[in-house]
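FYI, it's all coordinate maths here, none of it is from the lab. If you're wondering where the values come from, they're calculated on a predicted model, not measured in any experiment. A quick note on method: Cβ atoms are made from the backbone with ideal geometry, for glycine too, and the neighbour counts reach across all protein chains shown.
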Amino acid sequence: LNELIKIDPKSIGVGQYQYDVNQKELSQALEFKVDKAVNLVGVDLNTASAEILKFVSGLNNKHVQNIIEYRSKIGKFRNREELLKVKSLGENTYEQAVGFLRIHDSNNFFDRTSIHPESYELANKIVDKLGIDLENINTEVLKNADIKSLAAEFNSNEYDVKLIIDSLINPTKDIRDEKEGYKLKKDILNLKDLKVGMILEGSVQNITDFGIFVYIGIKQAVLIHISKMKKTPTHYAAHP
């Protein structure tokens, strides 16, 4: 993601009509997707580049520049609170951005997770209630925790309690790990290796009126013509 973020989203190619649509609206839509991806995954505050930090919710170019300068000056951030020392970054900006920023070796365990500082008090109450040792987390206790009961006891809501429980079970959770990628066959190196009847996995690289181009691990993307694309077992697609 750190490298992909440096590429103009429009350069990925979104089909043969990419340049027929409103370019401003296309840019806004693509940047929204990139922004959403960055904030879902989260950013390591001590290693993130300026290119990726600018997509963090609440941060503008000036904030990013000041964060980079401050980080260079101190070496690295030790905790999330230290962000408040960055020039021009006030309380409101901090509250917006901090939940998407991680510090993996922070002296505060929760800084390593997706838990927002506003929920640290609740997180500490849950940890104390369940007798959790943050240096040696008993995930079974967390998995069996009564979320509804905890929410009622601490006058909170089940969503926040579940988010904290999930973050404690897997502090370094990355949603990308939950996505199953496609598997390329190692013995398929060029077109000559393809045989009728083979079932392959791949990624769609381009969509046209006459079909789609799919990457299957060889130099050339292969074309699946629309005449070979079925919408249902008995009906062919009218358009990709």
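Along each of the three principal axes of the Cα atoms of the stretch 111-178, give the extent in whole Å, ordering the values from largest to smallest.
The Cα atoms of the stretch 111-178 stretch 33, 22, 20 Å along the principal axes, largest first.
What GluC sites (Glu not before Pro) in the stretch 117-170 are in a loop by DSSP, with at most 16 other Cβ atoms within 10 Å of the Cβ?
Sites meeting the loop and neighbour criteria: Glu135.
Compactness ratio of the stretch 66-154: Cα Rg over 2.2 N^0.38 Å, N = residue count?
1.29
Mind jotting down a quarter of the surface of the convex hull over the alpha carbons of the stretch 191-236, in square nanometres, one decimal? Display every interim value, and only then the final one.
Numbers: hull surface 15.1 nm².
That works out to 3.8 nm².
To the nearest 0.05, what FRET efficiency results for Val21 and Ile226 with a Förster distance of 22 Å applied to their C-beta separation? Mind showing how you got there, number by number?
On the way: r = 21 Å, r/R0 = 0.96.
Computed FRET efficiency for Val21 and Ile226: 0.55.
What is the set of long-range amide H partners of Gln205 at a cut-off below 5 Å, with H atoms built 1.01 Å from backbone N?
Phe213, Val214, Tyr215
Under a Cβ-Cβ cut-off of 11 Å, what is the net charge of the residues other than Val64 that fall near it, where Lys and Arg count +1 and Asp and Glu count -1? Show your work: numbers first, answer last.
Working: positive: Lys54, Lys62, Arg71; negative: Glu51, Glu69.
With Lys, Arg at +1 and Asp, Glu at -1, the net is +1.
What list of ³J(HN,Hα) couplings, whole Hz, do you get for the stretch 133-150 from phi and the Karplus terms 6.51, -1.76, 1.60, once you set θ to phi - 60° and write x for glycine and proline?
Residue by residue, the stretch 133-150 yields 8, 5, 8, 8, 5, 8, 5, 5, 4, 5, 5, 9, 5, 8, 4, 4, 5, 5 Hz.
Can you give me the long-range amide H partners of Arg102? Hydrogens built in the peptide plane at 1.01 Å from N, cutoff under 5 Å, separation of 5 or more residues or another chain.
Residues meeting the criterion, in which the H sits 1.01 Å from N, are Val43, Asp44, Leu45.
What net charge do the residues around Ile103 carry, taking every other residue with its C-beta under 12 Å from that of Ile103, with Lys and Arg at +1 and Asp and Glu at -1?
Summing Lys and Arg as +1 and Asp and Glu as -1 gives +1.
Determine the relative contact order of the stretch 39-155: mean sequence separation of Cα pairs under 8 Å and six or more apart, normalised by residue count, in whole percent.
22 percent
Using the Cβ atoms and a cut-off under 15 Å, what net charge is assigned to the surroundings of Leu150, where Lys and Arg are +1 and Asp and Glu are -1?
-2
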